[in-house]
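The structure under discussion appears below in the form of structure tokens.
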Amino acid sequence: MIIKDEKSPGLAAVLSFLIIGLGQIYNGEIAKGLILLVVSYICIALFFLIIPPIIAVILWVYAIYDAYNTAKDINAGIY
């Protein structure tokens, strides 16, 4: 009997909303999640410049979108 490890797309999106990259880690994409987390925190640490915070917001939106879609793909057996 094969047990399918289903992922909740909504939970993945919420986790990435709360902490950038956490949704990817929940989906099993540890390296991608850690890279998103580290890059976003570097951008936030450079808040006094204009571009890094903009990049951090873009990464945040991407992380939410990616976590949601990856969880859907895992559930569909595509990933």
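Legend: P(r) of the chain from all alpha carbon pair distances, 10 Å bins from 0, whole percents, reading 22, 45, 23, 8, 2, 0. Summary of packing: across the peptides 52-59, 13-20, 32-39, 66-73, the per-residue average of other C-beta atoms within 10 Å ranks them, highest first, as 66-73, 13-20, 32-39, 52-59.
The calculated 222 nm mean residue ellipticity attributable to helices in the chain amounts to -23500 deg cm²/dmol, summing -39500 (n - 2.57) over DSSP H runs of n ≥ 4 and dividing by all residues. Between the helical axis of 51-76 and the longest alpha-carbon principal axis of the chain there is an angle of about 0 degrees. On the chain, 78 percent of the accessible area sits on carbon and sulfur atoms, based on a 1.4 Å probe. Once the 1.4 Å probe is applied to the protein heavy atoms, segment 1-58 comes out at 66 Å² accessible per residue.
The values are calculated or read from the model by the stated rules, or taken from the named source; none is laboratory data. Computed from a predicted model, the values in this text were never measured in an experiment. Every residue, glycine as well, gets a Cβ built from its backbone with ideal geometry; the counts of neighbours run over all protein chains shown. Each accessible area value is taken on the protein alone, full model and side chains, heavy atoms only, with ligands, DNA and RNA left out. Shrake-Rupley method; radii C 1.70, N 1.55, O 1.52, S 1.80 Å.
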